[in-house]
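The next block holds one structure in the form of structure tokens; read it before the comments.
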Amino acid sequence: MKNIIIKTLLLISILAAGTMLTGCGTKAESASNGELNIYIWTEYVPDSVIEAFEEEYGITVNASTFSTNEDMLAKVKSESEGAFDIVQPSDYMVTQMYEQGMLEKLDKDALTNLGNIGSQYLDQAYDPGNVYSVPYQGGVAAIAVNTSKITSDITSYADLFNSDMANTMVVLDDYRAVIGMTARSLGYSMNETDAAKLTEIKDRLLTLKDNIKLFDSDSPKSALISGDCTAAFCWSAEIALAMEENPDIKIVFPTEGAYKFMDNWCIPKGAKNYDNAMKFINYMLTSEAAQLVMAEFPYLNPNTVAVAAMGSDYSDNEAKNPPQEVMNAGEYLVSLDNDTLAVYEEMWTELKQ
Amino acid sequence: MKQKMKKNSYGVVGKIYCSLIYAFLFLPIVVIVVNSFNATTSKPYLSWKGFTFDWYLKLFENEELLQSFQNTMIIAVCTTIMATIVGTLAAVGMYKYKFRGKSTIDALLYIPVVIPEIVLGISLLTLFAKISIPRGMFSLILAHTTFSIPYVIFNIRARLSRYDNSIEEASMDLGANRLKTFFNITLPVLAPGIAGGALLAFTLSIDDVIVSYFTNGQTMTLPLKVMESIKSGVSPDVNALSVLILIGTALLVVLTQSGILKGKKNM
Amino acid sequence: MNKRKLKSTVIPSSIMIGPVVLWLAFFIVIPLLYVFIMSFCSIDEYYNVVFKFTFTNYKGLLNSNYLYVYAQSLVIAFITTAACILLAYPFSFLIARTKSKKKTLLYMLVIIPFWTNSLIRIYGWRTFLGTNGWLNNLLQATHITNHAIEFLYNKGTTIFGMVYCLFPFMVLPLYTAIEKLDGSLLEASSDLGGRKAQTFIHVVLPLTASGIFSGSIMVFIPTLGYFFVSNILGGGNSDVIGNLIQRQFQSGNNWPLGAALSIVLIIITLLLVKLYQKCGGDIENLGV
């Protein structure tokens with residue numbers, strides 16, 4: 001009778017031992033110069049770049065991903081200090097995090113490649129003097145239209161609320177983005193706090209419900225490419241990638257001025273591998289790394305040296321490299337107070353039920 | 001004659017009905033198998049670009065995927081061992097001894113079984129965050145063991161209800177001490193229940209999504225890796241690994257099942 | 001005498017019971033108590049939990065949006081359970097009363113799909129049901145329809161996914177209950193002139209009711225929490241209670257509110273289990 005237990009355990013342990021062997025075989029080579037735990041956006045930093053960094057520096061990189069700034073903030077807070085060495089907050093989230101004392105100051109001396117970044121992207125209001133952050137990539141949340149399925153002329157965020165768009169759209173699963181877009185379609189700021197205006201925004205937002213087929217922040221291009229959705233409100237680069245798969249898809253920059261963003265490299269308080277983190281950030285600032293990034297995730301890249309090296313195919317592509325006037329017309333998010341966010345949260349819940 | 005025909009037509013309808021249900025259950029598996037042979041390399045990996053075996057080889061180059069599989073197995077093995085030890089002791093102890101608070105323990109055991117997993121997940125998350133247990137392999141093992149213990153106990157208890165106390169007494173009468181009796185008499189009799197409980201703990205651990213989702217830190221298990229890959233389209237190598245695991249589990253269970261069946265006959 | 005009792009029962013029993021008591025106390029009782037306490041806590045301006053007593057979180061739950069999601073979640077769970085019973089009952093009956101040797105195989109075939117990760121199988125449905133998915137391609141190729149039918153991303157698909165995920169939990173208890181049915185009883189009833197329908201209502205149904213009850217509990221309760229099904233197949237348009245909780249512990253980052261939502265979910269669960277026991281269900285039938 002005993003041999004049944006033995007048999008079961010034996011089988012399980014053989015299976016386990018087998019997997020451990022295959023695992024060890026692949027993982028053992030690197031890891032001589034320590035580790036680096038990075039927490040990044042989904043579909044944003046190519047594996048190839050991370051692997052190139054691991055090879056060059058002998059540092060093992062453990063990457064995990066998040067879908068919204070708020071998810072990231074919640075996770076970093078709930079983890080014990082030092083769980084992550086690098087995070088990737090957007091503009092307003094950088095402010096929010098350093099105000100809460102959640103970020104380490106960056107060692108400027110280690111950032112030898114900072115010169116590759118165009119000066120128009122440095123010293124922004126969300127982090128004056130780039131004390132805590134270095135820009136990675138940015139862009140706008142634009143509109144995608146599959147012109148073979150949608151014939152009406154879409155030029156603005158407001159057009160997305162038309163009833164002929166019923167059940168066609170994939171939109172970002174991000175309440176600041178969608179509510180902000182609604183506000184802009186009414187001519188208000190994305191960071192509206194006025195109660196009366198918020199009520200108006202809410203009523204408007206609920207009319208969007210019938211038009212939304214899918215909420216997806218991670219890979220809205222998938223639904224566009226697969227044909228599940230024929231219009232989108234999503235990140236410009238996602239649209240650029242969908243356009244490469246399906247030439248019927250067009251990008252539209254809203255006439256109201258778009259929701260713009262810039263994502264940044266930051267080091268959270270108490271990071272265990274600060275020096276490795278600085279090496280990584282500095283590596284990502286090289287022209288070579290930035291070019292690899294753009295080849296896979298074509299966002300607006302502040303690395304002007306690398307953009308020049310990519311040639312006019314890249315810099316003239318509106319979806320990949322949104323024109324300066326689009327960026328100038330755009331608006332950044334700013335962090336809001338709890339009471340306002342509670343109102344936002346409430347209308348979001350009502351939209352998603 | 002008429003009666004027979006009627007019966008036959010019932011039989012046919014029944015067969016069709018059952019086939020439809022099986023089709024419903026297996027259709028996604030078919031999709032997974034087919035997609036594991038899809039030669040496409042562009043996300044979201046939906047359009048069919050021809051047949052290839054490549055993914056079954058490429059999967060062994062995907063370090064992250066293998067790492068997550070390895071993590072899953074380590075966690076499952078540790079969980080199985082811990083849940084089986086704690087569960088076996090508790091099941092036997094609760095059967096043999098009367099003590100105050102027994103019904104409370106009983107009630108508590110049903111909590112992880114009955115409440116939605118998400119509640120267990122967030123409650124462990126808040127605890128781990130409060131007392132700063134680092135999230136990772138260790139916290140996952142603790143969490144998985146927590147929801148596995150009751151299943152192990154229930155499995156063994158089902159076996160114990162048919163257990164004859166007198167063998168144990170006989171053994172003690174013959175001069176064997178308590179420990180010896182436990183290992184030589186009690187344990188072997190309970191073996192099928194223990195093995196069944198262990199297998200259940202193992203299965204629950206390798207497939208857990210929700211509790212792991214809240215307690216994993218940066219440690220990736222295979223189900224969480226799948227969850228992440230769903231965000232941008234499940235790549236064919238993930239499908240290929242799933243197919244291999246399905247085949248592996250089927251073999252494992254066939255082997256252990258035949259062992260248990262044989263064991264039953266010997267008893 | 002006392003010493004002997006100590007040696008003969010107290011020590012061995014504490015060795016055996018001790019670990020499980022400690023484990024339950026530390027990983028079930030304390031965390032749940034902590035969630036309960038947290039549900040009365042406040043948050044500061046940065047959404048950190050502050051131990052300041054408040055009813056705000058529970059008041060917040062009375063908001064019509066949350067009530068709507070609770071109601072919707074219960075409706076989804078109810079439809080899922082009903083669909084599972086209707087689909088699984090005849091099926092379990094057929095496989096449990098099979099006389100052939102294939103019975104074990106038929107039974108195993110229900111379980112085998114569940115050895116593959118549930119997420120990837122749900123994703124398989126998404127591939128199958130998409131606008132340009134397998135089913136639409138088939139329907140269009142055979143000219144049954146001209147346009148693609150939009151199957152995905154609504155309440156219907158969420159319920160469909162729930163039924164798929166939880167179907168075996170309905171089959172297993174039903175199978176056990178039906179297998180225990182005494183064949184001679186059925187014959188006796190029909191011998192006594194009972195018609196098929198009568199036999200079913202007066203004999204079969206009462207005898208298998210325990211299976212239906214425990215299956216229902218095992219389907220209904222998880223449905224309330226399976227946020228990933230409504231995320232993957234519902235497209236975020238058909239939240240269940242699990243989605244609300246998940247959001248508060250993630251992007252919403254309001255743990256006390258999430259804790260209050262969880263406490264309400266626990267209460268709903270306990271009420272259901274009580275109802276189940278009232279109906280004569282045995283709690284021991286759950287779980288295994």
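The values are calculated or read from the model by the stated rules, or taken from the named source; none is laboratory data. In this text the structure is predicted, and so the values were computed from the model without any measurement. Note that we place each Cβ from the backbone using ideal geometry, even for glycine, and neighbour counts take in every protein chain shown.
A:Ser78 fulfils the conditions (1) on the phi < 0 side of the Ramachandran plot; (2) in contact (Cβ under 8 Å) with a residue 12 or more places away in the chain except for a single criterion, (2). Residues in segment A:93-141 that are hydroxyl-bearing (Ser, Thr, Tyr) and over 21 Å from A:Phe297 (Cβ atoms): A:Thr95, A:Tyr98, A:Thr112, A:Ser119, A:Tyr126, A:Tyr132.
Inspect segment A:33-49 for any residue being surrounded by 15 or more Cβ atoms within 10 Å (Cβ to Cβ), touching a Leu at 6+ places or on another chain (Cβ under 8 Å), modelled with pLDDT of 55 or more and within 11 Å of another protein chain (Cβ to nearest Cβ) and give the result as yes or no. Checked segment A:33-49: no residue is surrounded by 15 or more Cβ atoms within 10 Å (Cβ to Cβ), touching a Leu at 6+ places or on another chain (Cβ under 8 Å), modelled with pLDDT of 55 or more and within 11 Å of another protein chain (Cβ to nearest Cβ). Scanning segment B:196-205 turns up at least one residue that is under 23 Å from B:Val86 (Cβ atoms) and polar (S, T, N, Q).
Selection over segment B:137-177 of residues that are crowded, with 18+ Cβ neighbours inside 10 Å, within 30 Å of B:Gln218 (Cβ to Cβ) and either β-branched (Val, Ile, Thr) or more than 10 Å from chain C (Cβ to nearest Cβ) (or both) gives a count of 9.
Helices (runs of 4 or more DSSP H) fully within segment C:152-236 that include at least 3 residues being modelled with pLDDT of 90 or more: C:155-180, C:205-225, C:227-232. Kindly indicate whether C:Val69 is at the interface with another protein chain (Cβ under 9 Å from one of its Cβ atoms) and among the aliphatic types (A, V, I, L, M). Yes.
Residues in segment A:307-339 that are assigned to a helix (DSSP H, G or I) and either of a type in the set (D, E, K, R) or within 14 Å of another protein chain (Cβ to nearest Cβ) (or both): A:Asp313, A:Glu325, A:Asn338, A:Asp339.
A single entry from A:Glu104, A:Glu79 fulfils the requirement of being surrounded by 17 or more Cβ atoms within 10 Å (Cβ to Cβ), closer than 20 Å to B:Thr221 by Cβ and among the acidic types (Asp, Glu): A:Glu79.
Checked against (1) more than 13 Å from chain C (Cβ to nearest Cβ); (2) within 25 Å of C:Ile122 (Cβ to Cβ); (3) part of a helix (DSSP H, G or I), B:Phe60 passes all but condition (2). State whether one or more residues within segment C:77-97 are within 10 Å of chain B (Cβ to nearest Cβ), farther than 21 Å from C:Ile263 by Cβ, modelled with pLDDT under 90 and not in a helix (DSSP H, G or I). Checked segment C:77-97: at least one residue is within 10 Å of chain B (Cβ to nearest Cβ), farther than 21 Å from C:Ile263 by Cβ, modelled with pLDDT under 90 and not in a helix (DSSP H, G or I). Taking the listed residues B:Leu108, B:Leu127, the one that is more than 24 Å from C:Ser214 (Cβ to Cβ) and either at the interface with another protein chain (Cβ under 9 Å from one of its Cβ atoms) or not in a helix (DSSP H, G or I) (or both) is B:Leu127, with no other qualifying. A residue that is in contact with a strand residue (DSSP E or B) (Cβ under 6 Å, 6 or more places away or on another chain), assigned to a strand (DSSP E or B) and surrounded by 14 or more Cβ atoms within 10 Å (Cβ to Cβ) occurs nowhere in segment C:32-41. If you go through segment C:94-122 and keep only what is touching a Gly at 6+ places or on another chain (Cβ under 9 Å) and in contact (Cβ under 8 Å) with a residue 12 or more places away in the chain, you end up with C:Arg97, C:Ile122.
Let's see how each residue does on (1) more than 9 Å from chain A (Cβ to nearest Cβ); (2) under 30 Å from C:Pro31 (Cα atoms); (3) touching a strand residue (DSSP E or B) at 6+ places or on another chain (Cβ under 9 Å):
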| residue | (1), (2), (3) |
| --- | --- |
| B:Leu179 | yes, no, no |
| B:Pro188 | no, no, no |
| B:Phe202 | no, yes, no |
| B:Asp207 | yes, yes, no |
| B:Ser232 | no, no, no |
| B:Ile245 | yes, no, no |
| B:Val254 | yes, no, no |
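Exactly one residue among C:Ser14, C:Ser8, C:Ser100 is in a loop (DSSP other than H, G, I, E, B) and within 13 Å of chain B (Cβ to nearest Cβ), and that residue is C:Ser100. Per the listing B:Ser68, B:Ser47, B:Ser19, the residue uniquely over 11 Å from B:Pro236 (Cβ atoms), among the small types (Gly, Ala, Ser) and either facing another protein chain (nearest Cβ under 7 Å) or in a loop (DSSP other than H, G, I, E, B) (or both) is B:Ser47. Residue-level check: of (1) more than 8 Å from every other protein chain (Cβ to nearest Cβ); (2) under 24 Å from the mean Cα position of the chain (by Cα), B:Val13 misses just (2). Looking only at segment A:228-285, how many residues end up being assigned to a loop (DSSP other than H, G, I, E, B), within 29 Å of A:Tyr39 (Cβ to Cβ) and touching a Lys or Arg at 6+ places or on another chain (Cβ under 6 Å)? Number satisfying all stated conditions: 1.
A residue that is more than 15 Å from the chain's Cα centre (by Cα) and more than 7 Å from every other protein chain (Cβ to nearest Cβ) cannot be found anywhere in segment B:72-81.
For segment C:42-55, the count of residues that are aliphatic (A, V, I, L, M), at pLDDT 95 or above, in contact with a helix residue (DSSP H, G or I) (Cβ under 7 Å, 6 or more places away or on another chain) and surrounded by 14 or more Cβ atoms within 10 Å (Cβ to Cβ) is zero. Of the numbered criteria (1) out of contact with any Ser or Thr (no Cβ under 6 Å at 6 or more places or on another chain); (2) more than 13 Å from A:Ile143 (Cα to Cα); (3) not in a helix (DSSP H, G or I), the one A:Glu288 fails is (3).
Yes or no, residue by residue, for (1) more than 30 Å from C:Asn48 (Cα to Cα); (2) touching a strand residue (DSSP E or B) at 6+ places or on another chain (Cβ under 8 Å); (3) within 10 Å of chain B (Cβ to nearest Cβ); (4) surrounded by fewer than 24 Cβ atoms within 10 Å (Cβ to Cβ):
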| site | (1), (2), (3), (4) |
| --- | --- |
| C:Val229 | no, no, no, no |
| C:Gly236 | no, yes, no, yes |
| C:Val240 | no, no, yes, no |
| C:Trp255 | no, yes, yes, no |
| C:Ile268 | no, no, yes, yes |
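In this structure, B:Ile85 qualifies as out of contact with any Asp or Glu (no Cβ under 8 Å at 6 or more places or on another chain) and more than 19 Å from B:Ile245 (Cβ to Cβ). For the subset of segment C:242-253 comprising residues that are hydrophobic (A, V, I, L, M, F, W, C) and closer than 28 Å to A:Asp228 by Cβ, which member is nearest to the other protein chains (Cβ to nearest Cβ)? Looking at residues that are hydrophobic (A, V, I, L, M, F, W, C) and closer than 28 Å to A:Asp228 by Cβ, I get C:Ile245. Total residues in segment A:50-102 satisfying the condition of being among the β-branched types (Val, Ile, Thr), out of contact with any Leu (no Cβ under 9 Å at 6 or more places or on another chain) and within 21 Å of A:Asp173 (Cα to Cα): the figure is 2. Return yes or no: is B:Thr221 within 11 Å of chain A (Cβ to nearest Cβ) and surrounded by 22 or more Cβ atoms within 10 Å (Cβ to Cβ)? Here the answer is no, as B:Thr221 does not meet what is asked.
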